1. Give a residue-ordered list of calculated ³J(HN,Hα) values for the range 123-139 (Karplus: 6.51 cos²θ - 1.76 cosθ + 1.60, θ = phi - 60°; whole Hz; x for Gly, Pro).
2. State whether the range 85-138 is rounded, prolate or oblate according to the following rule on the C-alpha gyration tensor (a ≥ b ≥ c being the square roots of its eigenvalues): a/c under 1.5 gives rounded; otherwise a/b larger than b/c gives prolate, and the remaining case gives oblate.
3. Between V140 and E97, what is 0.36 nm times their sequence separation minus the Cα-Cα distance? Round to one decimal in nm.
4. What does the charge count near N121 come to, summing +1 for each Lys or Arg and -1 for each Asp or Glu among other residues with Cβ under 12 Å from its Cβ?
5. Could you pull out the pairs from K22/K48; K70/K123; K20/K49 whose alpha carbons sit more than 28 Å apart here?
6. Where does the charge balance sit around D30 when Lys and Arg score +1, Asp and Glu -1, over other residues with C-beta under 11 Å from its C-beta?
7. Around E104, what is the net charge, scoring Lys/Arg as +1 and Asp/Glu as -1 over all other residues with Cβ under 10 Å from its Cβ?
Amino acid sequence: MPNRFPGAMTQDWDTVVLHKSKPRAQDLRDPKAVNRALRSGAVVQTVKKFDAGSNKKCSSAAMPVVNARKLDEGTEPAALERVPAEVRQAIQKARLEKKMSQAELAKLINEPPKVVQEYENGKAVPNQAVLAKMERVLGVKLRGKTGK
């Protein structure tokens, strides 16, 4: 019967050393661990973070403090243009003359009912395409000069 292992039979044992895992940073910051280290005489290092816990930026001459709201107000218009009162009243008057509800008008111009409601309440920002659809369905001039 043939031998499975050619040559001399030897054991291949290496020494294995098991080490404890390093303590995690969170465990090192634990007050109990710090007190234990102080009592045993170990060196404990404490570092105070600069501006920790505050949302303030440095106010040096190199970096002036900029208020985000002031920056926005300076670059953007204060308020968007809304639907004028004459247009609101003209839409409402023409819709009521045709005996339509806001939902019916919205369906005819392929817009959600909320759009018609916002136009009649004056909360919408005028969109020329929507106004053109309303003009076509209602048969009233809503854009441009009224000829007064």
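1. For the range 123-139, the Karplus curve yields 8, 7, 7, x, 10, 4, 5, 5, 5, 5, 5, 5, 4, 5, 6, 7, x Hz.
2. Rounded, since a/c falls under 1.5.
3. Result: 14.4 nm gained on full extension.
4. Neighbour charge sum, excluding N121 itself: +2.
5. K20/K49
6. Overall, the nearby charge balance is +3.
7. Overall, the nearby charge balance is +4.
Bear in mind these aren't lab numbers, they're just calculated from the coordinates by the rules spelled out. Keep in mind it's a predicted model, so treat the numbers as computed, not measured. All Cβ positions, glycine included, derive from the backbone under ideal geometry; neighbour counts span all protein chains shown.
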